[in-house]
Amino acid sequence: MPRPWWCEYTIAEAVDPVRAREWLYAGYAAPSPRLAIRWLVERARHLADHIDPPADGGWAPAPALRVRRAPDRGHDPANALRTWTADEAEHDQALAAMRDGRLYRFTVADSDQRYSLSVRPIPRTSGRALPPPLPPAPGP
């Protein structure tokens, strides 16, 4: 029986690393490494569109939008996520990590948040897979 893989994407506060909280936004138990990559790619696209919605997405009428170059702040997590979705070399690294039974994590950040996509093997006990971990508890 093939090993299942736990995939997730999380968002954490990046302002104060000491008191930061992290939230699990979505998780998936993939039956194969290829399906794990496919799920991560779909989540990366979804997350990028939430961070920076495409102008042609229908969320605002065309006359309300003007193309304007924003000042360079050094971090563009939406663009990094969109680039990652087509980066076959990075996907190969994720597949190699899964083949070796290791965690693979892709993380991007801006000044307020840290966004992570990850996949790791679900450990087995007595021939049965353990359920995926519970999401982190909410902070105070």
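The values are calculated or read from the model by the stated rules, or taken from the named source; none is laboratory data. Since this is a predicted model, take the numbers as computed values, not measurements. Note that we place each Cβ from the backbone using ideal geometry, even for glycine, and neighbour counts take in every protein chain shown.
Listing for the model above:
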{"read-out": "Test set (1) at pLDDT below 60; (2) loosely packed, with under 15 Cβ neighbours inside 10 Å - ARG124 fails condition number", "value": "(1)"}
{"read-out": "Residue pairs meeting the criteria (Cβ under 8 Å; at least 6 apart or on separate chains; first within 25 Å of TRP5 (Cα to Cα), in region 103-114; second part of a strand (DSSP E or B) and among the β-branched types (Val, Ile, Thr))", "value": "LEU103/VAL119; TYR104/VAL119; ARG114/ILE11; ARG114/THR107; ARG114/VAL108"}
{"read-out": "Yes/no for ASP100 being out of contact with any Phe, Trp or Tyr (no Cβ under 8 Å at 6 or more places or on another chain) and either aliphatic (A, V, I, L, M) or exposed (fewer than 14 other Cβ atoms within 10 Å of the Cβ) (or both)", "value": "yes"}
{"read-out": "Qualifying residues in region 1-21 (those that are of a type in the set (Asp, Glu) and not in a loop (DSSP other than H, G, I, E, B)) - the one modelled with the highest pLDDT", "value": "GLU8"}
{"read-out": "Residue among ALA36, ALA26 that alone is within 14 Å of LEU117 (Cα to Cα), surrounded by 13 or more Cβ atoms within 10 Å (Cβ to Cβ), small (Gly, Ala, Ser) and at pLDDT 95 or above", "value": "ALA36"}
{"read-out": "Region 73-119, subset of a type in the set (Lys, Arg) and not in a helix (DSSP H, G or I), residue farthest from PRO54 (Cα to Cα)", "value": "ARG102"}
